1. Can you name the number of the only condition in (1) touching an Asp or Glu at 6+ places or on another chain (Cβ under 7 Å); (2) surrounded by fewer than 17 Cβ atoms within 10 Å (Cβ to Cβ); (3) assigned to a helix (DSSP H, G or I) that ALA210 fails?
2. Here are some residues: ILE253, ILE169. Which one is over 16 Å from the mean Cα position of the chain (by Cα), crowded, with 19+ Cβ neighbours inside 10 Å and β-branched (Val, Ile, Thr)?
3. Among GLY230, GLY225, GLY234, which is the only one that is assigned by TED's automatic domain parsing to the domain that holds ALA167, buried (at least 21 other Cβ atoms within 10 Å of the Cβ), of a type outside the set (Val, Ile, Thr) and modelled with pLDDT under 95?
4. Among the residues that make up the range 21-32, is at least one of them in a loop (DSSP other than H, G, I, E, B), at pLDDT 90 or above and not polar (S, T, N, Q)?
5. May I ask you to list pairs of residues, at least six apart or on different chains, whose Cβ atoms are under 6 Å apart, with the first in the range 249-275 being in the same structural domain as ILE291 (by TED's automatic domain parsing) and touching a residue at least 60 places away in the same chain (Cβ under 8 Å) and the second being in a helix (DSSP H, G or I) and surrounded by 13 or more Cβ atoms within 10 Å (Cβ to Cβ)?
6. Anything in the range 50-69 that is in contact with a helix residue (DSSP H, G or I) (Cβ under 8 Å, 6 or more places away or on another chain) and either part of a loop (DSSP other than H, G, I, E, B) or among the small types (Gly, Ala, Ser) (or both)? List them, or say none.
7. The conditions are (1) of a type in the set (Gly, Ala, Ser); (2) in contact with a Lys or Arg (Cβ under 6 Å, 6 or more places away or on another chain); (3) more than 21 Å from PHE4 (Cβ to Cβ), and ALA70 fails exactly one of them. Which is it?
8. Can you go through LEU84, LEU53, LEU110, LEU57 and tell me which one is of a type in the set (A, V, I, L, M, F, W, C) and within 24 Å of the chain's Cα centre (by Cα)?
Amino acid sequence: MCVFCDQRSITGREFDPGDIERQISEALITVKDGADCEIAFFGGSFTGIGETLMRRLLSVAARFVEEGRASGIRLSTRPDYIDLQTLSILAEYPVKTVELGIQSMDNKVLRMSKRGHTAEQSSEACRLVVKHGFSLVGQMMIGLPGADERSEIKTAEDICALGATGARIYPTVVLKNTELEEMSRDGRYLPLSLDEAIGRSASVLEIFIAYGVPVIRLGLCASDGLSLEGAVGGAYHPAMGELVRGELYRRKIEAELVSAGISDRDSITIEVPRGAVSMAIGNGGRNRADIQSKFNIKSLKTVENPRLKEYNVKVE
């Protein structure tokens with residue numbers, strides 16, 4: 001098992017295959033009429049559970065799709081649990097998306113994390129998934145043992161180059177009863193601070209934006225049926241996504257101010273895309289305070305400009 005894994009701490013429950021139909025039915029009740037939704041098998045390596053159980057679960061989910069209550073199925077798994085036979089089975093069902101827990105494309109990081117697969121296996125799995133017509137989502141982690149910002153940026157670039165249509169970024173959280181907890185306790189692993197995790201995640205987010213690959217999740221989220229009571233260290237924050245996106249807006253605003261040579265002003269106005277004002281201001285106003293102090297600006301106003309694209313800013 002990889003050093004950061006404790007599946008029961010993540011999911012907070014045991015899995016009962018006989019209960020899957022009820023769980024899907026109850027979840028679908030919460031979906032608004034006309035909303036596009038998929039049935040997702042997450043929380044483990046779905047294609048590693050054995051063909052019989054995998055087909056049983058896919059068959060149940062497929063009935064809901066056939067009834068028009070869901071548009072398709074998505075699942076998450078490990079790169080080394082993908083091969084031609086597995087993909088041919090998935091193709092028999094309305095599976096649309098395969099999410100791969102790549103975590104890193106640096107073999108040193110994978111070895112130190114005891115991930116159990118190589119970067120080369122991840123590359124091949126990505127190619128097979130795309131070749132067989134499934135949408136590919138690459139999942140990666142920030143702050144794994146042996147990782148640095150350069151290796152994480154390369155991982156993001158590789159995921160994009162391999163044809164991903166989406167990505168998830170997870171700063172490493174140290175869970176109770178894992179080897180990573182032991183490594184943290186005896187000094188073999190130093191968890192990232194919250195600010196370090198925010199900064200490195202923002203650098204990776206910028207890569208995905210540049211490639212046009214949507215990031216559909218930033219950080220673990222307790223609202224997704226996850227139990228994080230077992231978290232004993234690392235960079236966990238319930239608003240991690242907002243913090244990371246806010247950091248990227250801060251960088252964009254500062255770059256624009258430097259480029260325009262703006263400082264020592266009584267007031268300026270920053271224009272940002274629709275819906276981005278709170279992120280540009282920063283959690284608790286941290287961005288606004290930092291920018292005013294750094295550039296000696298007495299008053300900074302942030303307003304929406306619907307003509308601006310995401311993460312573009314304009315200074316007036």
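1. Of (1) touching an Asp or Glu at 6+ places or on another chain (Cβ under 7 Å); (2) surrounded by fewer than 17 Cβ atoms within 10 Å (Cβ to Cβ); (3) assigned to a helix (DSSP H, G or I), only one is false for ALA210: (1).
2. ILE253
3. Exactly one residue qualifies, and that residue is GLY234.
4. No, the range 21-32 has no match at all.
5. As it stands, the answer is TYR249/MET279; TYR249/ALA280, since those pairs meet every condition given.
6. The answer is ALA61, ARG69.
7. (2)
8. Residue meeting the stated conditions: LEU110.
The values are calculated or read from the model by the stated rules, or taken from the named source; none is laboratory data. Everything numeric in this text was worked out from a predicted model, so none of it was measured. A quick note on method: Cβ atoms are made from the backbone with ideal geometry, for glycine too, and the neighbour counts reach across all protein chains shown.
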